[in-house]
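**Q** Below: one structure in structure tokens.
The values are calculated or read from the model by the stated rules, or taken from the named source; none is laboratory data. Since this is a predicted model, take the numbers as computed values, not measurements. With ideal geometry, Cβ positions are generated from the backbone for all residues, glycine too; neighbour counts draw on all protein chains shown. What goes into the accessible areas is simple: the full protein's heavy atoms, side chains included, and nothing from ligands, DNA or RNA. Shrake-Rupley method; radii C 1.70, N 1.55, O 1.52, S 1.80 Å.
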Amino acid sequence: MMPEEKSGRKGTPETATEYTRLLSVKGNSLRRSVRSFSKDPNAGRTLTWFSVVFITYFNVSGGPWGSELIISSCGPLPGFLGLLFSPLVSGLPMVLVTSELSSLYPDDGGYSIWVAEAFGEFWGFQLSFWSWCSGIMDNALYPILTYKLAEELFFHGSEESSSPNGVNSFVFGWTVKAALVVLFSAPNVFLLHDLGTGLMIAFIAVMIPFLMLSVHGLLTGDPSNVLQMRDGALDLSDSSTWHAWTGLLNVLYWNTSGFDCISTCAGEIKNPGKSIFKGNFWIF
């Protein structure tokens, strides 16, 4: 029997927190609902909407680096139009869905919980497992890219770079990459309450070079170039044109997806329904 609610109807939850508690009675093993029994719904939650802004930013885009195809594939005009409209098509729906469902299920797990509630625990586990695999393979790239970039910037053509015992050595390379993994993983383990501040600093560091280049381009560039398209961009009989448009759409989608990732730490966010919407809205 479901307990009586304040509304006077059996089994009818009055709030999202109470709804989570009632669902936990059914034995959903994919969700931790301890906080649902607390009188303070924010007990143990440390992240604010300010943290949500930067966590979401690095899950969705992470900076302009890697977005060059938006302009180079078909030209500035299609690229800027795509930047204007693609967030409305692929980003805004996810902002709204994530905000609503994170309010209904304010616990760690996010979209895994949503799928488990809609289709059963088997499919919830499948989503969780394959998302985990995807995250491992995706995040494994970044220490390698960081190391390669630093090697090109600081050791290109030097004796250390060419020496088998220098920066090209197996031991040195893997030591640096492992150190990078530990460096960027440690804040998630030990400093969760300061994660938003740390990501804000990272955001500033990432954006300063691009802001400087943008100012330089505005002062020295020709504004009429914004209205140009790549030669043959509308020639659909050419296979390279299809390849260019496909590349543009892929990069646009990649840079406007991922708003739902913040739902996986909804259990650590104060007032997740409001905070997630506010943070996602600002980064959107």
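**Q** Among what's in the range 87-108 and is open to solvent by less than 20 Å² (accessible area, probe 1.4 Å) and not in a helix (DSSP H, G or I), pick the residue that is farthest from Gly279 (Cα to Cα). Before you say what the answer is, go through the steps one by one.
**A** Quick first cut of the range 87-108, residues open to solvent by less than 20 Å² (accessible area, probe 1.4 Å) only: 91, 95, 98-99, 102, 106-107.
If we keep only those that are not in a helix (DSSP H, G or I) too, we end up with 106-107.
Numbers: Pro106: 15, Asp107: 17 Å.
Checked the range 87-108; the qualifying residue farthest from Gly279 (Cα to Cα) is Asp107.
**Q** Test Ile71 against the criterion of being closer than 28 Å to Trp245 by Cα, β-branched (Val, Ile, Thr) and over 15 Å from the mean Cα position of the chain (by Cα), and give yes or no. Explain how you work it out, then say what you get.
**A** Working: closer than 28 Å to Trp245 by Cα: yes; β-branched (Val, Ile, Thr): yes; over 15 Å from the mean Cα position of the chain (by Cα): yes.
Yes.
**Q** All but one of (1) touching a Lys or Arg at 6+ places or on another chain (Cβ under 6 Å); (2) under 26 Å from Ala266 (Cβ atoms) hold for Tyr147, so report the exception by its number.
**A** (2)
**Q** Any chance you could count how many residues in the range 230-270 are in contact (Cβ under 8 Å) with a residue 24 or more places away in the chain and part of a loop (DSSP other than H, G, I, E, B)?
**A** Looking only at that region, the number is 7.
**Q** What are the residue pairs meeting all of these: first residue in the range 131-147, first residue on the phi < 0 side of the Ramachandran plot, second residue assigned to a helix (DSSP H, G or I) and open to solvent by less than 80 Å² (accessible area, probe 1.4 Å), Cβ atoms under 6 Å, and 6 or more apart or on different chains?
**A** Qualifying pairs under 6 Å: Pro143/Lys177; Pro143/Leu180; Pro143/Val181; Thr146/Leu180; Tyr147/Val176; Tyr147/Lys177.
**Q** Got a sec? Which of Phe203, Phe210, Phe281, Phe277 is in contact with a Leu (Cβ under 9 Å, 6 or more places away or on another chain) and open to solvent by 40 Å² or more (accessible area, probe 1.4 Å)?
**A** Values: Phe203 fails: in contact with a Leu (Cβ under 9 Å, 6 or more places away or on another chain); Phe210 fails: in contact with a Leu (Cβ under 9 Å, 6 or more places away or on another chain); Phe281 fails: in contact with a Leu (Cβ under 9 Å, 6 or more places away or on another chain).
The conditions single out Phe277.
**Q** Hey, another quick one. Pick from Phe172, Phe210: which is part of a helix (DSSP H, G or I) and more than 30 Å from Leu84 (Cβ to Cβ)?
**A** Values: Phe210 fails: more than 30 Å from Leu84 (Cβ to Cβ).
Going through Phe172, Phe210 in turn, the sole match is Phe172.
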